[in-house]
Amino acid sequence: MKFGVVTFPGSNCDHDLIYAMRENLGQEVVHLWHKDHDLQGCDFIFLPGGFSYGDYLRSGAIARFSPIMDEVIAHANKGGYVMGICNGFQMLTEAGLLDGALLHNASTRFICKNVHIVPASRSALITQNLEHKAYKVPIAHGEGNYFCTPDVLKKLQDNDQVIFRYCDENGRITDAANPNGSLDNIAGVCNVGKNVFGLMPHPERAADEMLANMDGRKLLAQLV
């Protein structure tokens, strides 16, 4: 498996992802630039977190039109794997590769802290072999409040497309464990084809022993 990590103007988690995949998981990783028109034969594309284009208009709204996104969309439409983390998740909803939208946090404040998430989908690549328990992974976003219409939510639930939900440390899905007001405590979703994933928490920031948290590594390892 060959992984590609795209850097956009304002990305700040691209090198975290490269390190996690290359150093922690021993994978071949290519650094891609947002103006590229070539995915360099990568099987799996990551859109990292950060503040692409300063989050002007809406988070991810301008990055969606970067030249490389035409290649990313084509790759996804052919069944290739794509994952957006935080700002990358926002890009995928703006590009129409994932349903829903990421609104301002219910608190209207930027939130940066560890949270717990529990796997939901039993058929998606990233969750199907994970133990059903709470995983501690950090979040850092101002617009992580997942929203969609009732009919889209029903589709996500019926098709097993919700990949993670916010929970407490014991795996209980409660309102108190929801950090940003996301509908149905949703922390991540995938597309119908189960090859495009969006996740608000940052597993790459919990993937090294020096960070005293390896839960994120367990999530990323499912993609290898």
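Quick look at the numbers
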read-out	value
Condition check for A206: out of contact with any strand residue (DSSP E or B) (no Cβ under 7 Å at 6 or more places or on another chain) and of a type outside the set (D, E, K, R)	no
Residue satisfying condition, being of a type in the set (G, A, S), surrounded by fewer than 23 Cβ atoms within 10 Å (Cβ to Cβ) and touching a residue at least 24 places away in the same chain (Cβ under 8 Å), within set A176, A124, A134	A134
Residues of region 189-224 that turn out to be closer than 18 Å to Y135 by Cα, out of contact with any Leu (no Cβ under 7 Å at 6 or more places or on another chain) and assigned to a strand (DSSP E or B), as a count	4
For C42: the one exception among (1) buried (at least 21 other Cβ atoms within 10 Å of the Cβ); (2) closer than 19 Å to V189 by Cα	(2)
Residues within region 37-87 that are without any contact (Cβ under 8 Å) to a residue 12 or more places away in the chain and touching a Ser or Thr at 6+ places or on another chain (Cβ under 8 Å), tallied	1
Residue check, A106 hydrophobic (A, V, I, L, M, F, W, C), part of a helix (DSSP H, G or I) and more than 17 Å from the chain's Cα centre (by Cα)	no
Search result, residues across region 34-52 that are aromatic (F, W, Y) and out of contact with any strand residue (DSSP E or B) (no Cβ under 6 Å at 6 or more places or on another chain)	F51
Residues satisfying the stated conditions in region 11-26, i.e. surrounded by fewer than 18 Cβ atoms within 10 Å (Cβ to Cβ), in a loop (DSSP other than H, G, I, E, B) and either in contact (Cβ under 8 Å) with a residue 60 or more places away in the chain or in contact with a helix residue (DSSP H, G or I) (Cβ under 8 Å, 6 or more places away or on another chain) (or both)	L25
Restricting region 140-188 to residues that are assigned to a helix (DSSP H, G or I) and of a type in the set (K, R), the residue that is nearest to I126 (Cα to Cα)	K155
Counted residues, region 124-137 - those being over 15 Å from G198 (Cα atoms) and not basic (K, R)	7
Cβ pairs under 8 Å, 6+ apart, first in region 95-107 and surrounded by fewer than 20 Cβ atoms within 10 Å (Cβ to Cβ) and among the small types (G, A, S), second assigned to a loop (DSSP other than H, G, I, E, B) and at pLDDT 95 or above	A101/C148; A106/N180; A106/G181; S107/N180; S107/G181
Subset of region 158-214 [among the charged types (D, E, K, R) and farther than 23 Å from Y19 by Cβ]	D158, D160, R165, D168, E169, R172, D175, D184, K194
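The values are calculated or read from the model by the stated rules, or taken from the named source; none is laboratory data. Keep in mind the model is a prediction, meaning the values are calculated, not measured. Positions of Cβ are generated from backbone atoms using ideal geometry, with glycine treated the same way; all protein chains shown enter the neighbour counts.
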